[in-house]
Structures are given as C-alpha cells and as structure tokens.
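Notes to accompany the following structure.
The values are calculated or read from the model by the stated rules, or taken from the named source; none is laboratory data. These numbers were taken from a predicted model, which means no experiment stands behind them. Positions of Cβ are backbone-derived with ideal geometry, glycine not excepted, and every protein chain shown enters the neighbour counts. In case anyone asks, the SASA skips ligands and DNA or RNA and just uses the protein heavy atoms, side chains included. Shrake-Rupley method; radii C 1.70, N 1.55, O 1.52, S 1.80 Å.
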Amino acid sequence: MELAYYSDYAVRLVNTEEPARGKDALTSVEAIRDLFGPSQSAARRATDADVTRFRSVRARLRAVFEAADAGEERLAVDLLNSLLLEFPVSPQISGHDFRDDDGRPLWHMHLADHPSNATAGYAAIAAMGLAFHLTEYGVDRLGLCEAAPCRNAYLDTSTNRSRRYCSDRCATRANVAAYRARKRLEADRSERTGLAADSAQPSSAQGDRRPDRRGR
C-alpha cells in the first residue's frame, strides 16, 4: 500500500462535518468504524470515548486545510507537524495481500501504528498520509471546496493545479450559480440601458407639436 493512499484518511475525517450547514456525521462508534474501512483491526478498538477524541483530531486536521487554503504555508506545516509528533507511526515494508503473477509478494511501504486507542491509530495514519501528500505535491494541493456553503476538504491531484471543488456535484452547482448570476447581471444592465434610452427620447407632446397659423 503506497503512502499516498493514507492521505485520504484525513479527508474522510474532516468531511464528516459541514460547519456551515450545522451537520456532523461523527456521532457514534459505528461512524468511526466506517472511517477505517473494511478489514481494519484498529476499528474494532473504537469505543464511545473515541467520538470526542476523533472530533478533536478532526478540528486540528481541518485547521491544516484552512491554513493551506489561505496560503499560510508555514502555519499548515506547523499544525501538521504537531499532529505527527503527538501521533507517531513506524514505516514498515509489507507484502501481505498483494501478489504478482508468480505468487511473490509485491513489496510496498506500510504505516504500522501502535496506538493506545482507535483515535491515536487513525490520527497517526491520517497525519502521516497528509504529510506525505504535502511534501510530495506541495501545500497548495490541500484545498477547501469553493462551492459555498460546502467547504469540504479535498486533495488536488490535477495536472495543472486547477481543482477548486470537492466533487463534480459541487462544481456543477457552482457553475450553475455563476451562470444565473451572470444572467441576472445582464438583465439588470439591459433594463438600465433601456431606461436610459427611453429617457433620452423626446416626449410625445414635444414631438407632435405643430406651429399655429401665425407660424408659432
């Protein structure tokens, strides 16, 4: 499993909350276990106490994305480093579950955590994965969705660093909103232009006036 895979752990956790909408999906042990995905032994260690701990880590990870999104590179790195120090991991070479055509292991790097609870295990993997992504691709590859009020976190993997939204759905919604805004602006301009043209025309009383018999 490549280290880049682990960066998605941070995104999944951050996006369990939508602050602008007042939504929070991280409300139970089951929700925590879903974050780990299938076949994760660490997920089985989750207890009710981890709900509060996960929310604390989530806030700190969101702060990393917010700093990166604001262009505060040094702050993003400092915040991430504090997580790495608090939740360390041990990189190991692994070959389990992956075999080539000849049945030999496909060796790859694996992050082995030694946590005292489920939160520590998840936080260690999420922080290390995010750190790998940041150092490999740059801090500007960490973003927050521009489709208000979403603000979900995302990792920009585009070739030209052009990603602005967390999903195609948000991109479509933002484009539709921008299109409607342009149409409203055009309609307002057209209306103002029409009113200006009308005010510039002579009144009917002036235009239909005829001189009297005396030439007046």
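Remarks
- Where helices (runs of 4 or more DSSP H) sit wholly within region 1-78, those with at least 3 residues that are among the acidic types (D, E) occupy 49-69.
- Conditions (1) without any contact (Cβ under 8 Å) to a residue 60 or more places away in the chain; (2) among the acidic types (D, E); (3) within 19 Å of R164 (Cα to Cα): number failed by D24: (3)
- From the list A124, A205, A177, the lone residue that is modelled with pLDDT under 85, open to solvent by less than 60 Å² (accessible area, probe 1.4 Å) and hydrophobic (A, V, I, L, M, F, W, C) is A177.
- Among the residues listed as R182, R104, R161, the single one being of a type in the set (D, E, K, R), under 30 Å from E72 (Cβ atoms) and modelled with pLDDT of 80 or more: R161
- Filter result (open to solvent by 90 Å² or more (accessible area, probe 1.4 Å) and not in a loop (DSSP other than H, G, I, E, B)) within region 141-172: D168, R169
- Scanning region 104-119 for residues that are in contact (Cβ under 8 Å) with a residue 60 or more places away in the chain and not β-branched (V, I, T) yields H108, M109, H110, L111, D113, P115, N117, A118.
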